[in-house]
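Trainee: Structure provided below as structure tokens; questions to follow.
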Amino acid sequence: MIRDLAVGQYFPANSVLHRTDARVKILNLLITIIFIFYTMNYFSLFIALIYVFLMMYLSNIPMKLYMKNFKIILFFTIFTGLLNLFDDRGKVIFEFGFLKITDAGINNSIFVCSRVTSLVILASIFTFTTLPTDLTDAVEKLLKPFAFININISEIAMMMTIAIRFIPTLIEEVEKIINAQKSRGADFENKNLFVKIRALMSIVVPLLESSFKRAYDLATAMESRCYRGAENRTRMRILKFKMIDLFSIFLTLIFIFGVVYCNMKFPATVK
Amino acid sequence: MEKLIDINNVNFKYNDGNYILSDINLIINRGEFVSLLGSNGSGKSTLSKLCNAMLMPTHGSVTVDGLNTIDNKEKYNIRCKVGLVQQNPDNQIVAATVEEDVAFGPENLQLSPEEIRKRVDDSLKSVGMYKYKDSSIYKLSGGEKQKVAISGIVAMQPECIILDEPTSMLDPKSRKDVLDTIIKLNKEQKIAIILVTHYMDEAVLADKVVMMDKGRILIQGTPKEVFSNVELLKEHKFTLPEVTELTEILRNNRCDLPRGIYDEDEFILSLKSIVGGRECL
């Protein structure tokens, strides 16, 4: 079922990462991703992988959830890995016809694959351990400095909360519509592009129609629960900077230092 | 009894349409359980939206605890007192996890975080959903979602909850579960309930039954009073509770049963009394 997709879903558990402030987690995620793509040799890559595994361990999330996410990007990873295998530079190891596999190509391929995988795993760790509302709160807080360009950040954060909330609901709706249209003889397997587009329309139109109905109901529900704009609210959970957050920042700093140090100390294996 | 909602001579229409409601007079008392019955398009949902200032009457007035709904300043005070639960549980839940959603109302009331936390925990316990407080909304069943929606209203500590066909999208088991929760809130926390419904067996649970047809109140009163008027209800094509229907058939066959029986135990008692203690069942 599409519904079981683990992407972007919170997984309740009690771990160091669950308790870390969402703002810190967002910044950590952005910085570590940048530095993972900055790994130049096997030593720094090794440090990056240690960091990723440490985070997986600290997150207290069952391994099979990561595997699920990993499977989704497996094809993409293999594909980019294969493309990177073929490189003109370096010593030729294999040769079939005009295709040459060189040691530089193998290195490239290993780096690209581990970088992409690390990226996906780090992003999954983030969504597994962060409540959607905490995420939107954090985005709201981090965007505060940009309030001067006259956008209502609280409203945007509220929209994000609702959007995240309705992803599974709408996926379920699409499944229902597809089944309903199939039972009326809609042809979703046809290879012809025009038939495909027509079939797609038969999903999109009812989906839009029901979404308007949902939006109307939701507006009624929000208004009758005294919603009067996102600014006039207090919060049950308040983001607080704690010792755990310092620890988390400290880990990230060690990681950055490790990567930069290894990059400078040892010769680069990839460009 | 002290009155909570006073609907006085209300007519209602959208901008330039026909009148959806005409000459509505209805009083809801504190802690009362009222059920509102009627076919589709009889105006029962519109009436429920008039009670919490989502809609304003075209003529007449609706007062909630002394506050007139037409008074824009009091709009949010009124919505605090009268909460609304809708038919589709999926469309009224705002946040992605249970406790975050229940907190939505109190957060809008700008309470302190400690107070919100306390209200959320209390209200989740009162509907029996406390153990699910951290789970994602999409993992819950329809009935559980509906209980979360009810809990979200209870957390605002209302005087009255309007439930607009809360069970019509649920399976029988969840339906019973949600109904039990509603009755429990009415009995234990003395919250007035307005239950808009299609089901007769739900309607007879109430202290007062209000039947609507084509935008008018056809008849209102205790279940006994209402179900005594069998001819009127039949004329307007209402299905009667099964026991009432059976009583009516027996009455038509010269069986001397009283009118207005809607409860099985009462039916058996009356039947025993006319057969004079002989073994009849």
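Each reported figure results from applying straightforward, stated rules to the coordinates on display, with no laboratory input. On a predicted model such as this, the values are computed, not experimentally measured, just so you know. Neighbour counts run over all protein chains shown; Cβ positions are idealised from the backbone, glycine included.
Trainee: From the cross-link list A:K176/B:K237; A:K64/B:K147; B:K133/B:K173; A:K64/B:K133; B:K131/B:K208; B:K184/B:K237, which pairs have alpha carbons spaced over 26 Å apart?
Mentor: Numbers: A:K176/B:K237 34 Å; A:K64/B:K147 31 Å; B:K133/B:K173 21 Å; A:K64/B:K133 24 Å; B:K131/B:K208 34 Å; B:K184/B:K237 32 Å.
A:K176/B:K237; A:K64/B:K147; B:K131/B:K208; B:K184/B:K237, as the Cα separations exceed 26 Å there.
Trainee: Given a Förster distance of 56 Å, report the FRET efficiency between B:T58 and A:K240 from their Cβ-Cβ distance, rounded to the nearest 0.05.
Mentor: 0.65
Trainee: Per Stokes-Einstein, at 20 °C and 1.002 mPa s, what whole-number D in µm² s⁻¹ belongs to region B:2-87, with the Kirkwood radius over Cα pairs as the hydrodynamic radius?
Mentor: The calculation lands on 162 µm²/s.
Trainee: How large is the dipole of region A:155-236 about the Cα centre if only Lys and Arg carry +1 and Asp and Glu carry -1, each at its Cβ, rounded to the nearest 20 debye?
Mentor: Values: 13 positive and 10 negative charges, 8 e Å.
With Lys and Arg at +1 and Asp and Glu at -1, about 40 debye.
Trainee: Putting +1 on Lys and Arg Cβ atoms and -1 on Asp and Glu Cβ atoms, find which of B:N252, B:M129, B:S228 reaches farthest to the positive end of the dipole of the protein assembly as shown.
Mentor: The residue sitting most towards the positive pole is B:M129.
Trainee: Looking at A:T80, A:V259, B:A203, which one has the Cα that reaches farthest to the positive end of the dipole of the protein assembly as shown (charges on Cβ: Lys, Arg +1; Asp, Glu -1)?
Mentor: The one lying farthest along the dipole's positive direction is A:V259.
Trainee: Mean Kyte-Doolittle of at least 1.6 plus a Cα span of 20 Å or more along the axis: flag which DSSP H helices in chain A meet both, please.
Mentor: Length and hydropathy pass: A:22-36, A:42-59, A:243-265.
Trainee: State the antiparallel share, in %, of DSSP beta bridges confined to the protein assembly as shown, rounding to the nearest 5. Numbers along the way, then the final one.
Mentor: Details: 24 of 43 bridges.
Beta bridges within the protein assembly as shown, antiparallel portion: roughly 55 percent.
Trainee: Can you compute the helix-only [θ] at 222 nm over the protein assembly as shown? Use -39500 (n - 2.57) per DSSP H run of at least 4 residues, normalise by all residues, nearest 500 deg cm²/dmol.
Mentor: Counting only the DSSP helices, I get -17500 deg cm²/dmol.
Trainee: Using R₀ = 45 Å, calculate the FRET efficiency as 1/(1 + (r/R₀)^6) where r is the Cβ-Cβ separation of A:Q181 and B:K125; round to 0.05.
Mentor: The calculated FRET efficiency here is 0.55.
Trainee: Further, regarding this structure: Give the shape of region B:241-281 as rounded, prolate or oblate, defined through the alpha-carbon gyration tensor: a ≥ b ≥ c are the square roots of its eigenvalues, a/c under 1.5 means rounded, and otherwise the shape is prolate if a/b is larger than b/c and oblate if not.
Mentor: Values: a/c = 2.05, a/b = 1.33, b/c = 1.54.
Oblate, because a/c is 1.5 or more while a/b does not exceed b/c.
Trainee: Also: Seen from all sides and averaged, what is the projected area of the convex hull of the Cα atoms in region A:42-151, in nm²?
Mentor: Working: hull surface 43.1 nm².
Average of the hull's projected areas for region A:42-151 equals 10.8 nm².
Trainee: Right, here's the next one. With the calculation restricted to Cα positions, what are the radius of gyration and Dmax of the protein assembly as shown in angstrom?
Mentor: 30.8, 109
Trainee: Now, a different point. Classify region B:8-52 from the C-alpha gyration tensor, please: rounded if a/c falls under 1.5, else prolate or oblate depending on whether a/b exceeds b/c.
Mentor: Prolate, because a/c is 1.5 or more and a/b exceeds b/c.
Trainee: Pairwise over distinct Cα atoms, reciprocal of the mean inverse distance: report the Kirkwood radius of region A:155-236 in Å, one decimal place.
Mentor: About 15.1 Å, per the Kirkwood formula over Cα pairs.
Trainee: Please work out the FRET efficiency for the pair A:A13 and B:N252, using the Cβ-Cβ distance as r and a Förster radius of 60 Å; give the result to the nearest 0.05.
Mentor: Here the calculated transfer efficiency is 0.35.
Trainee: Let me know the charge dipole size of region B:241-281 about its Cα centre in debye, to the nearest 20, where only the beta-carbon of Lys, Arg (+1) and Asp, Glu (-1) is charged.
Mentor: Computed charge dipole of region B:241-281: roughly 300 debye.
Trainee: In addition: Hey, any idea what Rg/Rh is for chain B, computing Rh the Kirkwood way over Cα pairs?
Mentor: Working: Rg = 20.4 Å, Rh = 20.1 Å.
We get a ratio of 1.02 for chain B.
Trainee: How would you classify chain A from its alpha-carbon gyration tensor, with a ≥ b ≥ c the square roots of the eigenvalues: rounded for a/c under 1.5, else prolate if a/b is greater than b/c, otherwise oblate? Working shown, then result.
Mentor: Values: a/c = 2.48, a/b = 1.24, b/c = 2.01.
Here chain A falls in the oblate category.
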